[in-house]
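The values are calculated or read from the model by the stated rules, or taken from the named source; none is laboratory data. Quick caveat: nothing in here was measured; it's all calculated off a predicted structure. We place every Cβ from the backbone using ideal geometry, glycine too, and count neighbours over all the protein chains shown. Just the protein is used for accessible areas: all its heavy atoms, side chains included, with ligands, DNA and RNA removed. Shrake-Rupley method; radii C 1.70, N 1.55, O 1.52, S 1.80 Å.
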There are 2 protein chains.
Amino acid sequence: MAAMNTNNLGTSTISSLSSAFLAPTSFNSRARSVPVRVKRIGVIKCVAAPQQEQTVYQTNVSRNANMAKLQAGYLFPEIARRRAAHLQKYPNAQVISLGIGDTTEPIPEVITSAMAKRCLGLSTLEGYSGYGAEQGEKLLRAAIASTFYSNLGIEEDDIFVSDGAKCDISRLQLLFGSNVKMAVQDPSYPAYVDSSVIMGQTGQFQKDVQKYGNIEYMRCTPENGFFPDLSTVARTDIIFFCSPNNPTGAAANRDQLTQLVKFAKENGSIIVFDSAYAMYMSDDNPRTIFEIPGAKEVAIETSSFSKYAGFTGVRLGWTVVPKQLLFSDGFPVAKDFNRIVCTCFNGASNIPQAGGLACLSPEGLKAMQEVIGFYKENTKIIVDTFNSLGFKVYGGANAPYVWVHFPGRSSWDVFSEILEKTHVVTTPGSGFGPGGEGFIRVSAFGHRKNVLEACRRFKELYR
Amino acid sequence: MAAMNTNNLGTSTISSLSSAFLAPTSFNSRARSVPVRVKRIGVIKCVAAPQQEQTVYQTNVSRNANMAKLQAGYLFPEIARRRAAHLQKYPNAQVISLGIGDTTEPIPEVITSAMAKRCLGLSTLEGYSGYGAEQGEKLLRAAIASTFYSNLGIEEDDIFVSDGAKCDISRLQLLFGSNVKMAVQDPSYPAYVDSSVIMGQTGQFQKDVQKYGNIEYMRCTPENGFFPDLSTVARTDIIFFCSPNNPTGAAANRDQLTQLVKFAKENGSIIVFDSAYAMYMSDDNPRTIFEIPGAKEVAIETSSFSKYAGFTGVRLGWTVVPKQLLFSDGFPVAKDFNRIVCTCFNGASNIPQAGGLACLSPEGLKAMQEVIGFYKENTKIIVDTFNSLGFKVYGGANAPYVWVHFPGRSSWDVFSEILEKTHVVTTPGSGFGPGGEGFIRVSAFGHRKNVLEACRRFKELYR
């Protein structure tokens, strides 16, 4: 234990843009550099230089050891921090962000007008509603079931409406608890691994291999078509699987998903299938894991309106927990998930739910398809650009992400080179796991003129 | 391990209204009644009567033992279930709910029009926004700081905007992890205890005392003025404290909260102060724990727009984690909470945030005060009614809850008696902990005519 200089503390800002969050190690080491013995309880005094003489109180509550395992900041706040630092260095730079996968196009009016109507209705006796069902509004659950899972045996009461897939991933971790082992695609969306670390499912981070202990990393590379060689994957309780994939853009085909379900069944594992990009699929691959026979007995699916309707800030998603999915003692997983949803959550905001319902009307579906079509055109522009420059490019066809290979180079170096020389923010592949090293992810979310301008700059840099 | 009759499974509905959720014990015992040995992996067959012959697959993932500790359902879904059962029994009954504390009055137009405007703006290039800051919009954080914590040294960056206090309570539990011990007021809002059980901080439920192991229950009774005798309270890491209190309606005064902060400081504990009802305060008690000198070094505060602006369905709250609050190793609690918020949450919906900002405008504050004033009139009607009937009545002055004593009787019996004979839904005190036995909580949230009618029926039943 060590006392800290309160002057440092006073200036630290709690924000995802703050570099202080990204350097817990250096923060600790700064603390260690002041060798003052601290009483376990009560007010203590710094014995530093006079101008720093202030009292610091520390509680006697131990920091959660799992939190201390986390490496640096969550990926996307780190990128936001580097972007901010870049803007400080080049205040007049026309920075273009193809980094964090944030939607940019306005939400179709058929959807926002339904939300506005719900808002105004809340000021009337007839339109007012208080607490909704924690699982979501009945009409929306039914619309999700019939739109995305028609004829697949998924019913309205299997659907849990949420404030987004990322939030549900953590609620699923809470449901599973700390005594499970998980597998992830490598590379993968970092919330799977980070939430597993927070729940105490993992060991320490191993710097040499850039992996946490007690997580099975399923390597996805160009060589295996971004589908893991399951014969080399150890049995785990939980398998996180995202298709179409973030970040690689790869979508698993029917045969591959059939293999995955078979693998889960043989091992008695539960798949958490992330289908947040399913509507971006061009090829004839399954849009949901529940297209695979038997999946209801081994899979949960989580999805989101974020990338379909521009709801990244509106916050609306869902998770499917089929009643056929059972723990080893026969207890239905859905009953425990329902308990989590009722105890740790209070349902998605009613206004976004009105928006979700509008999304799934015939007009809403058409409007969403148009937005998705727009981003898919962006994707093609980016793919064509990197192809024309001679890069190996993956993804793009079934997802709004382009996965560009820079063999032999560090992802963060490439990220920095692109940012420094073109003022374009991308995402370093290694941020998604060691399997992403040597790649960068270019997001297709952006205004057309920005995407075209970014591609012009890419051509200038790499031609 | 046991196989289950799939016919039973097929008819169970995943909903908070479903009784199946409320009887995990009987569910298990039903499972045990079919003595079939199950292979650990793979498809198995029931050997029950021919018409039940179906295959059931069970994964090999163990159910989280902490989830299995939870008793029955979360309180409020249980009440909703009993209400539904009552309606089935009396289809024509004019049921009045003074049970779950759900707001009923329309949201003032100054607030909903701001939300509607934000909605429609999302369809424009200028008004569109994607991912917001996970911690909340800067303007809203600043408005919360200046409205509720002016001159108390709480700054904008100490405020984390959320989708409600209940959700933040679970995020705080995730932050603390499983190796802490907590204290709660007894009785108290059940989310504190239930989230602690889910996180694995507790032992099993002890039926004889109606308490979980490894939780410190701080008894709050009429005799001690609903403030615990701290000289008998064991040291814990975390102290959940709600004032004005749900369910007793009692508010701690300045002297009591000073004692509480001193107690926390001497023990090196962290207080999680729930101030969700602070705007209902009539007396000159602190509205926030941060009015107590030194509280910033030992306390977190969580609060909500739900009961001020009728946002129970809109979902908006906040949590204050002062940068002065440190773990025993000197690491700021706020930095870990920020990491939780960035990894396990993605910020509150942008539309409710526009509403929150409108709430804190001069017109919005005035409108909220009018809604609160209305519910306070309801409270007085309920208090006067039970007083006139000769009951000992607590709460009501500083909170929208009336805590009525039925000495020597079971809370659930009184709940059932009132429901059966008056068709009014209340909340049994024992649902908030063993210290609530013999009480019922009557919520003041309701249309005036319903509150008057409920009171008329109470007078008929108990005169």
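Before moving on, here are some points about what is shown:
- The fraction of accessible area contributed by carbon and sulfur in the protein assembly as shown is 51 percent, rounded to a whole number (1.4 Å probe; ligands and nucleic acids excluded).
- Ellipsoid fit via the Cα gyration tensor, the range A:338-385: semi-axes of 33, 17, 7 Å, each the root of five times an eigenvalue, largest first.
- Full-extension gain in nm, residue A:179 to residue A:452, via 0.36 nm per residue minus C-alpha separation: 93.4 nm
- Of A:312, A:302, A:333, farthest towards positive along the dipole that unit charges on Lys, Arg, Asp, Glu beta carbons give chain A: A:312
- When you work out D = kT/(6 pi eta Rh) for the protein assembly as shown at 10 °C and 1.306 mPa s, using the Kirkwood radius from C-alpha pairs as Rh and the Stokes-Einstein form, the result is 56 µm²/s.
- With the convex hull of the Cα atoms taken as the outline of the range B:75-184, the averaged projected area works out to 12.4 nm².
- Convex hull volume per residue, computed on the Cα atoms of the range B:109-363, equals 133 Å³.
- Sorted shortest first, the distances from the residue A:127 label point to those of the same residue in the other copies are 1.5 nm; each point sits 7 Å from Cα along Cα-to-Cβ.
- The mean sequence distance of close C-alpha pairs (under 8 Å, at least 6 residues apart), as a share of the length of the range B:109-363, puts its relative contact order at 26 percent.
- Potential lengthening of the chain between residue B:388 and residue B:124 amounts to 89.2 nm, from the contour at 0.36 nm per residue minus the alpha-carbon distance.
- C-alpha center-to-center spacing [the range B:300-321, the range B:253-280] in angstrom: 19 Å
- Per residue, in Å², the accessible surface of the range B:321-415 once ligands and nucleic acids are set aside, probe 1.4 Å: 29 Å²
- Diffusion constant of the range B:173-309 at 37 °C, which comes from Stokes-Einstein with the Kirkwood Cα-pair radius and 0.692 mPa s, µm²/s: 216 µm²/s
- In chain A, the inverse of the mean reciprocal separation of distinct Cα atoms equals 23.8 Å; this is its Kirkwood hydrodynamic radius.
- Computed per residue of the protein assembly as shown from DSSP H runs no shorter than four, each worth -39500 (n - 2.57), the mean residue ellipticity at 222 nm is -11500 deg cm²/dmol.
- Within the range A:57-111: Cβ-based charge dipole about Cα centre, in debye rounded to nearest 20 (Lys, Arg +1; Asp, Glu -1): 480 debye
- DSSP beta bridge pairing in chain B, given as percent antiparallel to the nearest 5: 55 percent
- Take the Cβ atoms of residue B:413 and residue B:262, set R0 to 30 Å, and the FRET efficiency comes out at 0.15.
- Each copy carries residue B:410; placing its label point 7 Å along the C-beta direction from Cα gives inter-copy distances of 6.8 nm, listed from smallest up.
- Chains B and A together bury roughly 9800 Å² of accessible area, counting both sides, with a 1.4 Å probe on protein heavy atoms only.
- Compactness check for the range B:285-388: Cα Rg over 2.2 N^0.38 Å is 1.38.
- Straight-line reach from residue A:296: taking Cα to Cα under 22 Å and skipping same-chain neighbours fewer than 8 places apart, the lysines in range are A:138, A:166, A:181, A:262, A:265, A:323, A:335, B:39, B:45.
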